[in-house]
Amino acid sequence: MSDATASRAGRRLLDNGRQTRAMRWVMAVMLFLTVLAGALGLGTWSAVAGLDSQLAGRMTVQLLGATDPAVRAVVDAVQQVPGVRAVRAVPRAEMAALLQPWLGDAGLDADLPIPVVIDIDVAGDTGSVGDAVTARVGALAPDARIDRAARWLGPVRSFIVSLAWLAGALVVLMATATASIALLTARSGLDTHRDTINVLHMLGSTDVQVSRLFQRRIALDTLVGGAVGTVAAAGAIALISARVQALDAVLVSGVALGPVDWLLLAALPLLFTGLAMLFARVAILAALRRTL
Amino acid sequence: MATIVQFENVGLRYGTGPETLSDVSFSLGAGSFYFLTGASGAGKTSLLKLLYLAQRPTRGMIRLFGEDAVTLPRARLPGFRRRIGVVFQDFRLVPHLSAADNVALPLRVSGVPESDVEAPVREMLAWVGLSDRAHARPATLSGGEQQRIAIARAVIGRPEMLVADEPTGNVDPAMAERLLHLFDSLNRLGTTVVVATHDLQLINRIAGAHMMRIEQGRLSDPTGSLRFPPRDA
């Protein structure tokens, strides 16, 4: 009704306990799934960003059987390439330590032909700078093996990006489903309360006033159900995050939610409430326009 | 006396059926009291529906409050309906609301502040003798009590025109007379009253009331006052 019927009397006009409870549970489930999908999307997106910033600008040169002067020559040459931020030859002791889990103490054997590894940190991506580094290393050590992290991480990155898009699509699908539920609930409410609405019309209610009654009810159900679903999903996400952190794996450690991500997830019930209200209003006004 | 309602050759047909109302023409003077009589199925309720804008005619012209009601845009209907109080034959009380909240509905629909709702509602409930039933739901009220709540709801907004469909159909003769006096006192305050009834005895109890008789969808004008409303009514 008008602002005055924001009163308890106005709210009771469409009182229907059982339908309300059902709607709230449906919204709780919808928001639970949506927040999980949203968290997956935001988490994987941050993982992609992490990969891009930490690994994509990295190159590795392997020199087999190279002498120290030869290694130093390569390091000096690479440092001259514009766009290269840092170059470091990994000490043999460090390499042996890295290999120990696979080779055991045999990795410490001085006769074992462990390649010298040179880590190169490039500003931005490794496109043109990588080509220059490859040319410079190739001129000094034709047998050198050069790996660009971005190249072998490409399929991984692509997979993670696909996951992020899939999560985004799921959120959109859930939003569409929520809008449809709001639409159906509003239509079914119109049927249920047809007599009351007729009376209200005869007393001089406008369509907008009638629509507000439904909007308010659907908004309340979506908000309450959505809050329950969001809190439950947040708990599940926190649990999963703790498990992921415990894995201590490089690739999954980037899948983390920052404060902004949490804020976005917390805004989902509000967003869905607005969406449900909008669709309820459209449905009610369209249906009422067909009456006198 | 100004004309508040004017019908010219009005016809009403539901779907593809025969005409329920045919060539209905009359005028109602503002501030007058009218009885609409006729047998069941004669078209009383259909005529009232046209009066309170629940239906549009299939032909003819209706002027209400000086404006063409046939082509009135839908968006303007609420404003017109707020000027008309309706007592429905089947009461149409909202079952979830208390008697007091049902009576308060027209005020709330009109946007009257909540602080200004309680006093008139209490006054109206006292007027119809149901102060002690203010919190009762319609389902717990008798037919007569529901009817009185419906009447209180119809008049609380001080409408310019009151349309009542068989308002005394469910009450005993004493209550019927009492309700009629309520309508009469409202009429004396300037409200045009149209009461549909098949109880001819009621008609003689309101001095100066006019009678409209409808038979098989056609209106007769026994007092001759419908075409030309009396100036001193």
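Any idea how many residues of the range A:199-208 are assigned to a helix (DSSP H, G or I), touching a residue at least 40 places away in the same chain (Cβ under 8 Å) and over 13 Å from A:ALA280 (Cα atoms)?
2
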Next item on the list: For B:ARG81, state whether it is more than 14 Å from the chain's Cα centre (by Cα) and within 13 Å of chain A (Cβ to nearest Cβ).
Entry: no
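Of all residues being in a helix (DSSP H, G or I) and within 14 Å of chain B (Cβ to nearest Cβ) in the range A:174-198, which is nearest to the chain's Cα centre (by Cα)? Just the residue, please.
Restricting to residues being in a helix (DSSP H, G or I) and within 14 Å of chain B (Cβ to nearest Cβ), the top hit is A:GLY189.
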Next item on the list: Mind telling me which of the residues B:VAL121, B:VAL94, B:VAL86 ends up being within 13 Å of another protein chain (Cβ to nearest Cβ), in a strand (DSSP E or B) and either under 21 Å from the mean Cα position of the chain (by Cα) or closer than 28 Å to B:SER220 by Cα (or both)?
Entry: B:VAL86
Check: Got at least one residue in the range B:20-41 being outside any strand (DSSP E or B), within 14 Å of chain A (Cβ to nearest Cβ) and farther than 12 Å from B:MET211 by Cα?
Finding: no
Margin query: So, in the range A:203-251, exactly how many residues are in contact with a helix residue (DSSP H, G or I) (Cβ under 6 Å, 6 or more places away or on another chain) and either more than 25 Å from A:GLY274 (Cα to Cα) or within 14 Å of chain B (Cβ to nearest Cβ) (or both)?
Written below: 8
Next item on the list: Spot the failing condition for A:ILE118; the list is (1) at pLDDT 85 or above; (2) under 30 Å from A:VAL260 (Cα atoms), and only one is missed.
Entry: (2)
Item checked: Where A:ALA287 falls short, out of the listed (1) surrounded by fewer than 23 Cβ atoms within 10 Å (Cβ to Cβ); (2) more than 14 Å from chain B (Cβ to nearest Cβ); (3) touching a residue at least 60 places away in the same chain (Cβ under 8 Å) -> (2)
Notebook entry, point to check: Here is a list of conditions, (1) part of a helix (DSSP H, G or I); (2) more than 10 Å from chain A (Cβ to nearest Cβ); (3) basic (Lys, Arg), and B:ARG158 meets all of them except one; can you say which number that is?
Noted result: (1)
Next item on the list: Name every residue in the range B:93-126 that is crowded, with 20+ Cβ neighbours inside 10 Å and of a type in the set (D, E, K, R), in order of residue number.
Entry: B:ASP101, B:ARG108
Checklist line | Scope the range B:44-78; condition under 27 Å from B:LEU125 (Cα atoms) and within 12 Å of chain A (Cβ to nearest Cβ); matching residues | finding: B:LEU48, B:LYS49, B:LEU51, B:TYR52, B:LEU53, B:ALA54, B:PRO78
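The values are calculated or read from the model by the stated rules, or taken from the named source; none is laboratory data. Predicted, not measured: the structure shown is a model, and the values here were computed from it. Glycine also receives a Cβ, built like all others from the backbone with ideal geometry; neighbour counts cover every protein chain displayed.
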